[in-house]
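The values are calculated or read from the model by the stated rules, or taken from the named source; none is laboratory data. Since the structure is predicted, the reported quantities are computational estimates derived from the model, not experimental observations. Neighbour counts are summed over all protein chains in view; Cβ atoms, including those assigned to glycine, are modelled from backbone coordinates with ideal geometry.
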Amino acid sequence: MRAIVTVIGKDKPGITASVSTALAEKNVNIEDISQTIVQGNFTMIMLCELENAKVSLLELKKELQEKGQEIGVSIHVQHEDIFNAMHKI
Amino acid sequence: MINRKEIIETIDMVEKEHFDVRTITMGISLFSCIRDDAEKTATLCYDKICKKAENIVKIAGDLGNEYGVPVINKRVSITPASLLTASFSGKEIVLAKALDRAAKTVGVDFLGGYSALVHKGMTSFEESFIKSIPEALYLTERTCSSVNVGSSKSGINMDAVRLMGKIIKESAIKTADNDGLGAAKLVVFCNAVEDNPFMAGAFHGVGEAETVINVGVSGPGVVHHALKSAKGASIPELAEIIKKTAFKITRVGELMAREASKRLNASFGIVDLSLAPTPVMGDSVAHILEEMGLESVGAHGTTAALAMLNDAVKKGGVMASSSVGGLSGAFIPVSEDIGMINAAKSGAISLSKLEAMTSVCSVGIDMVAIPGDTPDTTISGIIADEMAIGMINNKTTAVRIIPVPNKKVGDGVEFGGLLGSAPIMSVSPYGCAEFINRGGRMPAPIHSNKN
């Protein structure tokens, strides 16, 4: 099962590092990643594979949200299907 | 990979525009619980609801978390209760209380289906059942009631219309301490749908499967936001935007409904895409209409704007799912929509204009507070008008009206929570008692003869 992880917040050093470390610790594989900075706002979107993950989607979501609070960004973790359903015919 | 813009758009819809799955409603057939004894039937109904809906709250929460779209309400609808109480007329309240207990045990906020279908005629047990409604609504918290009094196929049961005027008034009087809250949980229908997930009118139709999941998605804020970026656009351009937005919203509903039915071991029923407002700012249907260019909802042009909105919502929904059902359209409850509340307070919208609007949108006169001293025959007159609109136009119409005890035009009433607040609106001072008291069945329209 794949999930989309979206990180939004004010840009500062180390955001990508700390989020990807957190994912690696749970054995979540990052299949695709893109990031941009628009007017100081950092947005990173990652496509993650949870097949061999040590945690469930809900557990991962909880952990990443805590991580987000710690580093001052908002982190969303959503099942990939929601985007396929909404944006593909 | 999925488009970045689309991902951000989805997140914004939830975070900034109040997009949510308004309700996951489990329909449960209770036919297997019928016995000739009130207590036995009530116990079996309680047990079955608790067993079938045991996990609905947890699973709805999980789904909301996994997909990142919150599920606001979890509900249960049941077989019309009048069919369960046929052999113990006079003891219907025993069942009403058991249903309410079951709703509390499984943790749903409302249970719908304390209902009767009497659109062509009324049996003695149905009459007894309907007369139990005010007491049932007084003694319960989460039980909702509805009565279908007309259909395009059979006409309007004017005896039931007359009776419902009295029942609504009695329901309000019994709950006078709560400003007539009982009447806010009671809907009178024409062409009631059997798979509606929204309250207070949900019930599990007799033609439905054993256990069914129906999902209601909403999103007035999302549509409003989409229209904001279309200043100066023509009407067909607006219709196109609404259609596309409705498509996206419905797809979410369909995904969640299929997943919910799988996890809850129930059949997938329908997705009901209804723009259902809440009293929260940014979640108003009235504001969508105003965004289209009306100075206030209720102005001339309102009916036309609503007609276009309702139609575009349906078209987007139908494209998105083959299982669109329920009411699917725009709701215009007064007390539950901040734009409507303001328009009613300022006098921009009247009961007459609301009635006109109901001829082009789903449902009808909804959550309207009127003076407590309104004669019951006048309430029946309001019902009859609304039922006629539904019958002639082959659509569902409804009346959920609250004659607030001891209040008059100019006063306000606060129901709280999702039910919101409303100013007391004026009704015609001219009577219709003689017309209502004639009784009998209003014949079905000529176009009902299609066989």
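General remarks:
- Residue satisfying all of: in the stretch B:403-426; part of a loop (DSSP other than H, G, I, E, B) and in contact with a Pro (Cβ under 7 Å, 6 or more places away or on another chain); nearest to B:Ile349 (Cα to Cα) among these: B:Ile424
- Some residue of the stretch B:31-50 being over 23 Å from B:Asn157 (Cα atoms), assigned to a helix (DSSP H, G or I), within 14 Å of another protein chain (Cβ to nearest Cβ) and of a type outside the set (Val, Ile, Thr): no
- Checklist (1) surrounded by fewer than 16 Cβ atoms within 10 Å (Cβ to Cβ); (2) on the phi > 0 side of the Ramachandran plot applied to B:Ile446, failing item: (2)
- From B:Gly298, B:Gly329, B:Gly269, residue being modelled with pLDDT of 95 or more and touching a helix residue (DSSP H, G or I) at 6+ places or on another chain (Cβ under 7 Å): B:Gly298
- Of the listed requirements (1) buried (at least 23 other Cβ atoms within 10 Å of the Cβ); (2) within 18 Å of B:Ser274 (Cβ to Cβ); (3) more than 16 Å from the chain's Cα centre (by Cα), B:Met308 misses just one: (1).
- Residue selected from the stretch B:1-30 under the condition touching a helix residue (DSSP H, G or I) at 6+ places or on another chain (Cβ under 8 Å) and more than 30 Å from A:Thr6 (Cα to Cα), by the criterion nearest to the other protein chains (Cβ to nearest Cβ): B:Met26
- For beta carbons closer than 8 Å, sequence separation of 6+ or different chains, a first residue in the stretch A:9-37 that is of a type in the set (Ser, Thr, Tyr) and a second that is assigned to a loop (DSSP other than H, G, I, E, B), the qualifying pairs are A:Ser34/B:Met1.
- Within the stretch B:331-343, tally of residues that are of a type in the set (A, V, I, L, M, F, W, C) and within 11 Å of the chain's Cα centre (by Cα): 2
- A single member of B:Ala356, B:Ala343 is surrounded by fewer than 18 Cβ atoms within 10 Å (Cβ to Cβ) and in a helix (DSSP H, G or I), and it is B:Ala356.
- Scanning the stretch B:48-71 for any residue that is under 24 Å from B:Ser146 (Cα atoms), over 21 Å from the mean Cα position of the chain (by Cα) and of a type outside the set (A, V, I, L, M, F, W, C) turns up at least one such residue.
- Residue within the stretch B:22-39 that is surrounded by fewer than 23 Cβ atoms within 10 Å (Cβ to Cβ), under 26 Å from B:Leu419 (Cα atoms) and either under 26 Å from the mean Cα position of the chain (by Cα) or modelled with pLDDT under 95 (or both) present: no
- Extreme residue, surrounded by the most Cβ atoms within 10 Å (Cβ to Cβ), among residues of the stretch B:76-110 that are in a helix (DSSP H, G or I) and basic (Lys, Arg): B:Arg101
- Summed over the stretch B:137-181, residues that are touching a His at 6+ places or on another chain (Cβ under 6 Å) and among the small types (Gly, Ala, Ser) total 3.
- Contacts under 8 angstrom Cβ, first residue in the stretch B:67-94 being within 14 Å of chain A (Cβ to nearest Cβ) and free of Cβ contacts under 8 Å to residues at least 60 places away in the same chain, partner among the aliphatic types (A, V, I, L, M) and in a helix (DSSP H, G or I), 6 or more apart: B:Gly68/A:Ile82; B:Gly68/B:Ile11; B:Gly68/B:Val14; B:Pro70/B:Val14
Residues are listed down the side, and each one gets a yes or a no for (1) closer than 22 Å to B:Ser335 by Cβ; (2) buried (at least 17 other Cβ atoms within 10 Å of the Cβ); (3) out of contact with any strand residue (DSSP E or B) (no Cβ under 7 Å at 6 or more places or on another chain):
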{"site": "B:Glu240", "(1), (2), (3)": "no, no, yes"}
{"site": "B:Lys243", "(1), (2), (3)": "no, yes, yes"}
{"site": "B:Glu254", "(1), (2), (3)": "no, yes, no"}
{"site": "B:Ser284", "(1), (2), (3)": "yes, yes, yes"}
{"site": "B:Leu289", "(1), (2), (3)": "yes, yes, yes"}
{"site": "B:Gly293", "(1), (2), (3)": "no, no, yes"}
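- Which numbered condition B:Val69 misses (of (1) closer than 30 Å to A:Leu60 by Cβ; (2) in a helix (DSSP H, G or I)): (2)
- Helices (runs of 4 or more DSSP H) contained entirely in chain A, each with at least 1 residues that are at the interface with another protein chain (Cβ under 10 Å from one of its Cβ atoms), hydrophobic (A, V, I, L, M, F, W, C) and under 22 Å from B:Phe19 (Cα atoms): A:57-71, A:81-87
- Residue count for the stretch B:111-161 satisfying the condition of being crowded, with 24+ Cβ neighbours inside 10 Å and within 16 Å of the chain's Cα centre (by Cα): 13.
- Unique match (being under 19 Å from B:Pro220 (Cβ atoms) and among the aliphatic types (A, V, I, L, M)) among B:Ala369, B:Ala356, B:Ala330: B:Ala330
- Yes/no for B:Asn55 being polar (S, T, N, Q), within 12 Å of chain A (Cβ to nearest Cβ) and surrounded by fewer than 18 Cβ atoms within 10 Å (Cβ to Cβ): no
- Every listed requirement among (1) farther than 21 Å from B:Gly182 by Cα; (2) at pLDDT 95 or above; (3) surrounded by 18 or more Cβ atoms within 10 Å (Cβ to Cβ) is met by B:Gly431 save one, (3).
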